Amino acid sequence: MISACYPGSFDPPTLGHLDIISRAQGLYQRLVVAIGHNPNKIGGLSVDKRLQLLRELCAPWPHVEVCSYEGATVHFAAKLGVQALIRGLRSYADFNHERGMAEINRRHGFETLFLIAESTHTNLSSSLVRQVQAAGLGLEGLVPPAVAAALAQQAPGQEP
Ligand code: ADP
């Protein structure tokens, strides 16, 4: 079975992430969306909340799984038995960062497949969403409604 892993923080999941998931799921028989968990990083949505949201959002695609992991992505990808890693590209800055990571991934036996979201989603990032939310502005067009609701419930400085 041809499979891939799409790793990321997804904190929070945005319409840009969903765009990439939607494209990648069409290319693979199994796609694992993997939430990289850094226990030293505080703030943002809890991993459990991100798991719940992404599972809901990926429900229309039965061959898409959502899970979380700690440690090196290539170690987790080896455990999953996938052939490729998916990453999204938004800018030259992403490209410059990702080309180094792709080299590391290749040394560990994984090719990295880069996808570009639709133009309406290319400028989206989780940090932009956080800034817009902090400014008290609406999140329409940036995140799915379920994510906007989860962010609205999140008390400042607390993980829901
Ligand atoms: P990370 O901390 O691993 O970069 P992110 O959750 O920020 O995690 O992003 C995960 C992946 O999704 C990265 O490859 C990132 O470039 C990609 N991505 C995020 N938003 C977009 C977008 N709007 N368009 C294309 N790719 C995106």
For the chain, calculated [θ]222 nm from helices alone, where every DSSP H run of n ≥ 4 adds -39500 (n - 2.57): -12000 deg cm²/dmol
Given charges at Cβ of Lys, Arg, Asp, Glu: the chain dipole, positive-most of Val74, Pro62, Leu18: Val74
If I compute solvent accessible area with a 1.4 Å probe over the protein chains, what percent of it on the chain is carbon and sulfur? 54
Dipole magnitude of the chain about its Cα centre, charges +1 at Lys/Arg Cβ and -1 at Asp/Glu Cβ only, in debye to the nearest 20? 280
With every protein chain kept in place and a 1.4 Å probe, the chain has an accessible area per residue in Å² of 54
Normalised alpha carbon radius of gyration of the chain [divisor 2.2 N^0.38 Å]: 1.01
Which sequence of Arg30, Arg90 reflects their accessible areas, 1.4 Å probe, from the largest down? Arg90, Arg30
Sorted on mean Cβ neighbours within 10 Å (highest first), peptides 53-63, 106-116 come out as 53-63, 106-116
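The values are calculated or read from the model by the stated rules, or taken from the named source; none is laboratory data. What you see is a predicted model, and the numbers here were worked out from it, not measured in a lab. Cβ: placed from backbone, ideal geometry, glycine included. Neighbour counts: every protein chain shown. With ligands, DNA and RNA removed, areas are computed over all heavy atoms of the protein, side chains included. Shrake-Rupley method; radii C 1.70, N 1.55, O 1.52, S 1.80 Å.
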